[in-house]
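Take a look at the structure set out below.
The values are calculated or read from the model by the stated rules, or taken from the named source; none is laboratory data. Remember, it's a predicted structure, so these values are computed and weren't measured experimentally. Cβ placement follows ideal geometry from the backbone for every residue including glycine, while neighbour counts extend to all protein chains displayed.
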Amino acid sequence: MVTVLPTEQTKPSVTNDERLVAVCPASIRSDVSCATCGICAKPERRAIIGFPAHGTGAAKARKVFFMEPVPP
Ligand code: SF4
């Protein structure tokens, strides 16, 4: 399972049902890539991988994350 995180979310967090949300390391470290990480490809992983929103949709993604109204 994966999720989108607010842009400023760079630390791991825990869901209400106590599942770990780990931040994709490639999004916060310049020395990590999918080739050196590969955690997404592990079917046995228990953590949810979170990707901080970026680009033109980041503000909208933040509103959705915090359940704020989003203009149509
Ligand atoms: S394998 Fe997944 S968690 Fe790891 S760097 Fe790539 S996208 Fe991020």
I'd like to check something: does segment 58-66 contain any residue that is surrounded by 13 or more Cβ atoms within 10 Å (Cβ to Cβ), on the phi < 0 side of the Ramachandran plot, at pLDDT 95 or above and within 14 Å of the chain's Cα centre (by Cα)? no
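When the residues of segment 29-57 are narrowed to those that are assigned to a loop (DSSP other than H, G, I, E, B) and of a type in the set (S, T, Y), which ends up surrounded by the fewest Cβ atoms within 10 Å (Cβ to Cβ)?
Step one: of segment 29-57, the residues assigned to a loop (DSSP other than H, G, I, E, B) are 29-38, 42-47, 53-54.
Of the ones still in play, those that are also of a type in the set (S, T, Y) are 30, 33, 36.
Numbers: S30: 6, S33: 11, T36: 10.
Residue satisfying both the conditions and the ranking: S30.
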In segment 14-28, which residue that is outside any loop (DSSP other than H, G, I, E, B) and out of contact with any Leu (no Cβ under 8 Å at 6 or more places or on another chain) is surrounded by the most Cβ atoms within 10 Å (Cβ to Cβ)? S27
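Looking only at segment 1-22, filter to residues that are touching a Pro at 6+ places or on another chain (Cβ under 9 Å) and of a type in the set (V, I, T); which one of those is farthest from the ligand (Cβ to nearest atom)? Don't jump to the end; show me each part of the working.
Keep residues of segment 1-22 that are touching a Pro at 6+ places or on another chain (Cβ under 9 Å), which gives 4-10, 20-22.
Next, only the ones that are of a type in the set (V, I, T) stay: 4, 7, 10, 21.
Working: V4: 13, T7: 16, T10: 13, V21: 12 Å.
Across segment 1-22, the extreme among qualifying residues is T7.
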Search result, residues across segment 29-49 that are closer than 15 Å to T3 by Cβ and more than 9 Å from the ligand (Cβ to nearest atom): R45, R46, A47, I48
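Give the residue, chosen from P25, P52, that is within 12 Å of the ligand (Cβ to nearest atom), free of Cβ contacts under 8 Å to residues at least 40 places away in the same chain and under 11 Å from the mean Cα position of the chain (by Cα).
Numbers: P52 fails: free of Cβ contacts under 8 Å to residues at least 40 places away in the same chain.
Residue meeting the stated conditions: P25.
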